[in-house]
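The values are calculated or read from the model by the stated rules, or taken from the named source; none is laboratory data. Keep in mind it's a predicted model, so treat the numbers as computed, not measured. Positions of Cβ are backbone-derived with ideal geometry, glycine not excepted, and every protein chain shown enters the neighbour counts.
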Amino acid sequence: MNVDQLAEKLRRDPLFMENVVRWEEMSPRSASYAPYPQGLDERLIPVLQRRGIHQLYSHQASSVAATLRGEDVVVVTPTASGKTMCYNLPVLSAILQNQDARVLYLFPTKALSADQVSELYELIEDMGVDIKTYTYDGDTPGAARRAVRQAGHIVVTNPDMLHSGILPHHTKWVKLFENLRYIVIDEIHTYRGVFGSNLANVLRRLQRLCAFYGSHPQFILCSATIANPAELARTLIGRPVTLIDNNGAPMGKRHFVFYNPPVVNRQLGIRKGVIPESRAIAEMLLKNGIQTITFARSRLTVEVLTKYLKDIARDPLGNAGRVRGYRGGYLPTQRREIERGLRAGQIDAVISTNALELGIDIGALDACVLCGYPGTIASAWQQAGRAGRRKGASIVFFVASSAAIDQYIVSHPDYFLHQSPENALLNPDNLYILLSHFKCAAFELPFEDGDSFGNAPAPEELLGYLDEMGIVRHVDGRYHWSAEDFPASEISLRSASAEENFMIVDITDPTHHRVIGEMDRYTVPMLLHENAIYMHEARQYQVEKLDFDACKAFIRQVDVGYYTDANLNVSLSLLDVESQAEEAGMGMGLGEVKVTTLVTMFKKIRFDTHETLGFGHVRLPETDMHTTAMWWTLPDALAARFDNDALKNGMMAITNLMRIVAPLYLMCAPQDVAVLYQVKSPITNKPTVILYDNCPGGVGLAHKAYGMQRLLLDKALSVATGCSCPMGCPSCAGPIGEIGQDGKATAIALLTAMAKGGGAP
């Protein structure tokens, strides 16, 4: 059965269609072509023609032409639109014309690096020329590294390796830095928050070293669709860019189905679970022979769905290899095997976290199931774009969970279909981040009096501070590194500090312990606490020991009928007030806070029914994070109108509402911000609702929220009053079991008053 036949069958199924909120049919789009740009090396054209490329897509031609004119460019087009040609063609052309030219490729993940290098190898091999392309990352053998440094025309790496393995050792890379022609940065929409803020500073250091060695490379950047690609690119590289967004790639017809699971408890507003509903749709696609990718929000959901689908796909010998899971934590060899299997059509269904969201080549699939809202419009379109052929139809199912933001999206499909994707926010001048990279830059090359660091503010003040701390020494107009440590080792680009990942060790066989995966330290307390059920390739393991000192989790294979889910407790304390105001008794503030998190217990949840079977205690140390927060403080007179229970319920409901509207109107991912309430806050000594950047140091979301407080309050009130439930549900203020029978009404009263500045409603 093909996609169109399946779509027609589903449309005639009344049981299925009663849960379909919207069925959007997107018309196919023909390609828009343009001739090869002038200046492209003629030796490339026969190679392209042998591959069936007699013209370029319009965006490819525009991008290559702008690059050949000497402009920095950012290319923004959907998944599978041929963005790699936008940088491979000018890069190869430059090297063909000058064998001394060097190019640096930056990809956010090793998997994407490996995939793109493979495509580049094919082009070079077709040309029959000697253009040496090497990958330089943590897996590169020591014996090969010298050859990469000396002979590599194209060096493919990632931000982490550039930061710690190349820039601090630039004297070994003289050939690269003296002749660097282009810097290619792919998937720039992934560089937001702390990661993006760190990368912007890494690029400041890179350009500083290039200037020292006498090179002035151009930048070629590529991105998925986001609201501010040009702004993001400018912030990353510190220079103006030319935006190329005239997508000329063809697209086949696409069905986009918004599916809202049926209500099982109308009074409480509880719907059937997103996992069983996504499972049913994925099973239907699998049984009809439609190659499918299912995206899940968490590693745990990936493993649960993989188990379910493998159970129905087993052959008479018990093999279920045509169904695979894919997520971070799998070993690289496993991931490459799965990618090859998808491209070759040997895998019928893959269940993945957002690890397959980026531009890794997995072929053109027929269908995509989104098991819950991925968190951003940009990510949703990226994931949906994994299903779609240039010819022929594809189908995407968005299956909403009971989470409030999912329900908002499924209830407002036009918001999803027509709203501009999110802004990617970063803050390279975050003091925590900036100071760390000043240390790295001073280690790499002394600062001279009057030197700038990209467009970073007040370099003299920061250097003076480092001088006072004895980290640098000011001698004869230059700041020289004087500390004994290696500063790059102290910085993790993805977090506030350099912390090792935990190795996950399978001890099922006492004679042969083996590492089967890894996990970042921040996630470990939630998923690898003792007695947690850890799932890998649909197999269940129980965590027997978690060794924080050695950064290892020891697990043993088990066969139980449940999985586990941990609860996280959060507390805040004020470090510094940046701004505060009061209006009609309602306080508003902005400042630096310390967020302390602690996992105290976990639930055992039965497969299939998802009922809670019991609880267990977790004994792990607290983790701290410094970040930026803004807050609203209720006026005394307003708070006094409600007893303690009603006030608590109302504030909890406001928090739930703000978790819906804040990500939507700050235009960020839900996990980028956190919202909580305190009936008597240690920050203000009063009832307070707090919104904070959910990353160390903050990237400006709390600042942005502080400037649009009225809008956020109005939108939260609108969601509460616009929902038809009488006393609260998961789609608005929260379920009655959580906020009580008076929670929604109290929240409406409080928000009405707060939106007016704290006065009487």
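Which of the following residues is crowded, with 20+ Cβ neighbours inside 10 Å and of a type outside the set (Gly, Ala, Ser): 293, 270? Before you say what the answer is, go through the steps one by one.
On the way: 270 fails: crowded, with 20+ Cβ neighbours inside 10 Å.
293 is the lone residue from the list that is crowded, with 20+ Cβ neighbours inside 10 Å and of a type outside the set (Gly, Ala, Ser).
What pairs can you find where one residue is in the range 579-594 and assigned by TED's automatic domain parsing to the domain that holds residue 640, the other is small (Gly, Ala, Ser) and in a strand (DSSP E or B), and their Cβ atoms are less than 6 Å apart, with a gap of 6+ or different chains?
Going by the 6 Å Cβ cut-off, the qualifying pairs are 580/589; 588/581; 590/579; 593/629; 594/573.
Quick one: is residue 570 touching a residue at least 40 places away in the same chain (Cβ under 8 Å), of a type in the set (A, V, I, L, M) and under 25 Å from residue 745 (Cα atoms)?
In short, no.
Need a quick list: strands (runs of 3 or more DSSP E) entirely within the range 597-715 having at least 3 residues that are without any contact (Cβ under 8 Å) to a residue 40 or more places away in the chain, within 29 Å of residue 197 (Cα to Cα) and touching a strand residue (DSSP E or B) at 6+ places or on another chain (Cβ under 9 Å). It would help to see each step written out before you state the result.
Numbers: elements: 612-617, 623-633, 673-678, 688-693.
By residue number, 673-678.
Just to be sure, is residue 61 surrounded by 20 or more Cβ atoms within 10 Å (Cβ to Cβ) and modelled with pLDDT of 95 or more?
yes
At least 3 residues that are free of Cβ contacts under 8 Å to residues at least 12 places away in the same chain in each: list the strands (runs of 3 or more DSSP E) lying fully within the range 243-298 that qualify.
Numbers: elements: 254-259, 263-265, 292-296.
Per the criteria, 263-265.
Checking the structure you have, find out if any residue of the range 580-588 is within 25 Å of residue 743 (Cα to Cα) and in contact with a Lys or Arg (Cβ under 8 Å, 6 or more places away or on another chain).
Among the residues of the range 580-588, at least one is within 25 Å of residue 743 (Cα to Cα) and in contact with a Lys or Arg (Cβ under 8 Å, 6 or more places away or on another chain), which makes the answer yes.
Test residue 77 against the stated conditions and say whether it is closer than 15 Å to residue 220 by Cβ and at pLDDT 85 or above.
Values: closer than 15 Å to residue 220 by Cβ: yes; at pLDDT 85 or above: yes.
Judged against the criteria, residue 77 is a match.
So is residue 693 out of contact with any Gly (no Cβ under 6 Å at 6 or more places or on another chain), surrounded by 18 or more Cβ atoms within 10 Å (Cβ to Cβ) and closer than 30 Å to residue 306 by Cβ or not? Can you show your working first?
Numbers: out of contact with any Gly (no Cβ under 6 Å at 6 or more places or on another chain): yes; surrounded by 18 or more Cβ atoms within 10 Å (Cβ to Cβ): yes; closer than 30 Å to residue 306 by Cβ: no.
Taking the combined requirement at face value, the residue does not satisfy it.
Kindly indicate which of 235, 301, 306, 225 is of a type outside the set (A, V, I, L, M, F, W, C) and outside any helix (DSSP H, G or I).
Working: 235 fails: outside any helix (DSSP H, G or I); 301 fails: outside any helix (DSSP H, G or I); 306 fails: outside any helix (DSSP H, G or I).
Of 235, 301, 306, 225, the one residue that is of a type outside the set (A, V, I, L, M, F, W, C) and outside any helix (DSSP H, G or I) is 225.
Residue by residue, here is whether (1) of a type outside the set (A, V, I, L, M, F, W, C); (2) in contact (Cβ under 8 Å) with a residue 60 or more places away in the chain; (3) buried (at least 16 other Cβ atoms within 10 Å of the Cβ) holds:
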{"site": "3", "(1), (2), (3)": "no, yes, yes"}
{"site": "8", "(1), (2), (3)": "yes, no, no"}
{"site": "12", "(1), (2), (3)": "yes, no, no"}
{"site": "15", "(1), (2), (3)": "no, no, no"}
{"site": "19", "(1), (2), (3)": "yes, yes, yes"}
{"site": "37", "(1), (2), (3)": "yes, no, yes"}
{"site": "43", "(1), (2), (3)": "yes, yes, no"}
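Among the residues of the range 554-578, what is the count of those that are small (Gly, Ala, Ser) and in contact with a helix residue (DSSP H, G or I) (Cβ under 7 Å, 6 or more places away or on another chain)? Talk me through it step by step, then tell me what you get.
Taking the range 554-578 first, the residues small (Gly, Ala, Ser) are 561, 566, 571, 573.
Now narrow it down to the ones that are in contact with a helix residue (DSSP H, G or I) (Cβ under 7 Å, 6 or more places away or on another chain): 566.
Final tally of qualifying residues: 1.
May I ask you to say which residue of 615, 554, 642 is more than 29 Å from the chain's Cα centre (by Cα), under 30 Å from residue 501 (Cβ atoms) and aromatic (Phe, Trp, Tyr)?
Numbers: 554 fails: more than 29 Å from the chain's Cα centre (by Cα); 642 fails: under 30 Å from residue 501 (Cβ atoms).
Answer to the selection: 615.
Restricting to the range 475-501, count the residues that are at pLDDT 75 or above and surrounded by fewer than 17 Cβ atoms within 10 Å (Cβ to Cβ).
Total satisfying the criteria: 12.
So, residue 47, is that one in the same structural domain as residue 93 (by TED's automatic domain parsing) and either of a type outside the set (Phe, Trp, Tyr) or more than 18 Å from residue 395 (Cβ to Cβ) (or both) or not? Spell out the reasoning first.
Working: in the same structural domain as residue 93 (by TED's automatic domain parsing): yes; either of a type outside the set (Phe, Trp, Tyr) or more than 18 Å from residue 395 (Cβ to Cβ) (or both): yes.
For residue 47, the condition - in the same structural domain as residue 93 (by TED's automatic domain parsing) and either of a type outside the set (Phe, Trp, Tyr) or more than 18 Å from residue 395 (Cβ to Cβ) (or both) - is met.
Filter the range 207-218 down to residues that are in contact (Cβ under 8 Å) with a residue 60 or more places away in the chain and assigned to a helix (DSSP H, G or I) and give me whichever is surrounded by the most Cβ atoms within 10 Å (Cβ to Cβ).
Looking only at the range 207-218, we keep the residues that are in contact (Cβ under 8 Å) with a residue 60 or more places away in the chain, and these are 207-209, 212, 217-218.
Retained after the next criterion (residues that are assigned to a helix (DSSP H, G or I)): 207-209, 212.
Details: 207: 21, 208: 19, 209: 19, 212: 13.
The extreme case among them is 207.
Provide a single number: the residues in the range 219-234 that are crowded, with 22+ Cβ neighbours inside 10 Å and among the polar types (S, T, N, Q).
Number of matching residues: 1.
So which of 731, 681, 724, 718 is within 21 Å of residue 410 (Cβ to Cβ), modelled with pLDDT of 80 or more and of a type in the set (S, T, N, Q)? Talk me through it step by step, then tell me what you get.
Details: 731 fails: modelled with pLDDT of 80 or more; 681 fails: within 21 Å of residue 410 (Cβ to Cβ); 724 fails: modelled with pLDDT of 80 or more.
Exactly one residue qualifies, and that residue is 718.
Find all pairs meeting these conditions: Cβ atoms under 7 angstrom apart; at least six residues apart or on different chains; first residue within the range 124-135 and among the hydrophobic types (A, V, I, L, M, F, W, C); second residue part of a helix (DSSP H, G or I).
127/47; 129/96; 131/92; 131/95; 131/124
Specify the residue that is modelled with the lowest pLDDT; the eligible residues are those in the range 564-597 that are closer than 30 Å to residue 535 by Cβ, among the aliphatic types (A, V, I, L, M) and surrounded by fewer than 16 Cβ atoms within 10 Å (Cβ to Cβ).
568
If I ask for residues that are in contact with a Lys or Arg (Cβ under 8 Å, 6 or more places away or on another chain) and surrounded by fewer than 22 Cβ atoms within 10 Å (Cβ to Cβ), which ones from the range 373-383 would you list?
375
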